[in-house]
1. Please specify each residue of the range 237-264 satisfying the condition of being among the polar types (S, T, N, Q) and loosely packed, with under 14 Cβ neighbours inside 10 Å.
2. How many residues, within the range 171-183, are in contact with a Phe, Trp or Tyr (Cβ under 9 Å, 6 or more places away or on another chain) and not small (G, A, S)?
3. Restricting to the range 251-278, give me the number of residues that are farther than 21 Å from L148 by Cα, away from ligand 2 (no atom under 16 Å from the Cβ) and in a loop (DSSP other than H, G, I, E, B).
4. Filter the range 283-298 for residues that are surrounded by 21 or more Cβ atoms within 10 Å (Cβ to Cβ), over 19 Å from L7 (Cβ atoms) and away from ligand 2 (no atom under 16 Å from the Cβ) and give the result.
5. From the list S55, S30, S8, S14, which one is surrounded by fewer than 18 Cβ atoms within 10 Å (Cβ to Cβ) and either without any contact (Cβ under 8 Å) to a residue 60 or more places away in the chain or in contact with a helix residue (DSSP H, G or I) (Cβ under 7 Å, 6 or more places away or on another chain) (or both)?
6. Taking the range 107-124 as the region of interest, how many residues are surrounded by fewer than 22 Cβ atoms within 10 Å (Cβ to Cβ) and farther than 17 Å from L298 by Cα?
7. Which members of the range 279-304 meet the condition of being away from ligand 1 (no atom under 16 Å from the Cβ) and free of Cβ contacts under 8 Å to residues at least 24 places away in the same chain?
Amino acid sequence: MKGKDLLSVSDLSSEDINLLMSDTMVMKASGWLSSLSSKSLALLFEKPSLRTRTSFEVAIRQLGGQAIYLSPNEVGLGKRESAADIARVLNRYVDAIVARTFSHSTLEEIACHTDIPVINALSDKEHPCQALADLFTIYEKKGDLKGLTLAYIGDGNNVAQSLLLAAALTGLNFRIASPKDYTIDKKMLSIAKGYVIDSGATIFVTEKPTQAVINADIVYTDVWTSMGQEAESQKRRQVFTEYQINGKLIALAKEDAILMHPLPAHHGEEVAEGVLDSPASVVFDQAENRMHLTKSLLISIMGGLEVPLPGY
Ligand code: CP
Ligand code: NVA
């Protein structure tokens with residue numbers, strides 16, 4: 001993965017993902033000696049963030065490098081200056097760009113005008129860093145990915161699309177229940193269907209949450225209104241009412257099923273009040289794992305000397 005962009009999960013192979021899982025396991029258990037000293041990262045964000053920004057900043061610092069955060073107002077992506085010009089300037093200063101954009105095409109434009117790696121920190125189409133950390137959390141909690149079943153309930157959004165691709169590549173069965181007109185993009189489904197020929201995963205798309213959740217190992221949801229869709233929030237609250245994760249729905253999953261959400265959550269909307277505090281919920285481990293996964297991702301993309309601590 002050295003030197004490559006990560007705009008989509010489809011930029012990775014199943015071997016890349018498996019390696020990231022095992023590297024992250026070591027990283028989380030042992031820490032990692034400074035291997036990216038003298039490397040700089042630009043964090044170019046058009047939307048707010050807690051986890052992604054903080055995990056990238058902490059990760060690069062722990063690896064000996066530094067991050068420069070460029071806030072939405074500061075740079076004025078596409079307003080004060082074109083994405084292409086911003087990309088060409090940052091290309092002269094830093095070793096990689098981590099960008100969170102409204103439109104996925106802005107990311108592609110940035111990648112097109114740089115020869116340093118560009119990492120998708122969330123676009124309207126995908127959230128690959130989240131999906132990779134989620135796979136790691138499942139791997140950590142369940143000991144495997146292959147043959148397990150993840151039920152995603154809710155909007156077929158950026159988080160769902162990256163998860164679908166990551167699951168299909170690694171043999172994790174993926175079910176999604178969304179209202180008509182709010183499901184996964186057809187093109188994404190067809191890419192995922194290509195992956196399952198090798199991985200053996202199954203994909204099931206339905207409008208009925210109960211059909212998706214029955215006997216699932218993982219129950220996953222995300223907000224009904226993503227950043228940038230605020231004008232639709234009232235309508236979406238109505239359309240998604242039947243898609244709330246509550247005790248009744250979780251009871252249909254396996255007894256030891258885990259509950260996942262990328263956060264931020266709207267308690268009382270996509271998850272019933274208190275559900276994320278239940279013993280099945282792993283959402284804060286999931287948030288923590290963003291940082292561990294980011295460290296192995298940065299090392300594999302930005303290079304650097306990999307020096308595990310003694311004993312590994
Ligand atoms: N899950 C996630 O990406 O959170 P932030 O939007 O806070 O970065
Ligand atoms: N789907 C959400 C994810 C936030 C991490 C959004 O795009 O706002």
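1. Q238, T241, N246, listed by residue number.
2. 6
3. Within the range 251-278, residues that are farther than 21 Å from L148 by Cα, away from ligand 2 (no atom under 16 Å from the Cβ) and in a loop (DSSP other than H, G, I, E, B) number 5.
4. Hits for the range 283-298 are H292, K295.
5. S14
6. Qualifying residue count, the range 107-124: 6.
7. Result: P279, single match.
Here is a yes/no grid of residues against (1) of a type in the set (A, V, I, L, M); (2) within 16 Å of ligand 1 (Cβ to nearest atom):
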| residue | (1), (2) |
| --- | --- |
| A160 | yes, yes |
| L163 | yes, yes |
| G171 | no, no |
| I176 | yes, no |
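Values quoted throughout were computed directly from the atomic coordinates according to the rules given, and no laboratory measurement underlies them. Just so it is clear, the model here is predicted, and its values are computed rather than measured. Reconstructed Cβ throughout: ideal geometry from the backbone, glycine too, with neighbour counts over all protein chains shown.
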